[in-house]
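These notes are about the structure you will find just below.
The values are calculated or read from the model by the stated rules, or taken from the named source; none is laboratory data. Treat the numbers as computed from the prediction; the structure is a model and nothing was measured. Don't worry about glycine lacking a Cβ; one is built from the backbone with ideal geometry, like all the others, and counts go over all protein chains shown.
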Amino acid sequence: MSTNSLNTINYFELPSDNIEQLKEFYSTLFNWEFEEGNDTPDYWYIGNAGIKGALLKDVILIRNQQYMLK
């Protein structure tokens, strides 16, 4: 097993069209707790997953390579 920190996941984001449903699913499955982000709408930080992560409103990529909320 490698101990190289370049191979370590240190943050993750889970996109969803229904954040409330995803929060309920992961809080039931893993007992995760969520805190709403202050600077970004529809962004919820995961407090006790073992690594840093967040749930966010699903985004789509439009033709000019800018991200747009659904």
| field | Subset of the range 12-49 (residues that are modelled with pLDDT of 85 or more and β-branched (V, I, T)) | value | I19, T28, I46
| The lone exception for I9 - which of (1) of a type in the set (V, I, T); (2) surrounded by fewer than 10 Cβ atoms within 10 Å (Cβ to Cβ); (3) modelled with pLDDT under 85 it fails | (3)
| said: So, in the range 50-70, exactly how many residues are surrounded by 12 or more Cβ atoms within 10 Å (Cβ to Cβ) and at pLDDT 90 or above? | reply: 5
| task | Could you please tell me which pairs satisfy a Cβ distance under 8 Å, a separation of 6+ or placement on different chains, a first residue in the range 26-53 that is without any contact (Cβ under 8 Å) to a residue 12 or more places away in the chain and farther than 15 Å from Y11 by Cα, and a second residue that is surrounded by 11 or more Cβ atoms within 10 Å (Cβ to Cβ) and not aliphatic (A, V, I, L, M)? | result | S27/E33; S27/F34; E36/Y43; E36/W44; E36/Y45
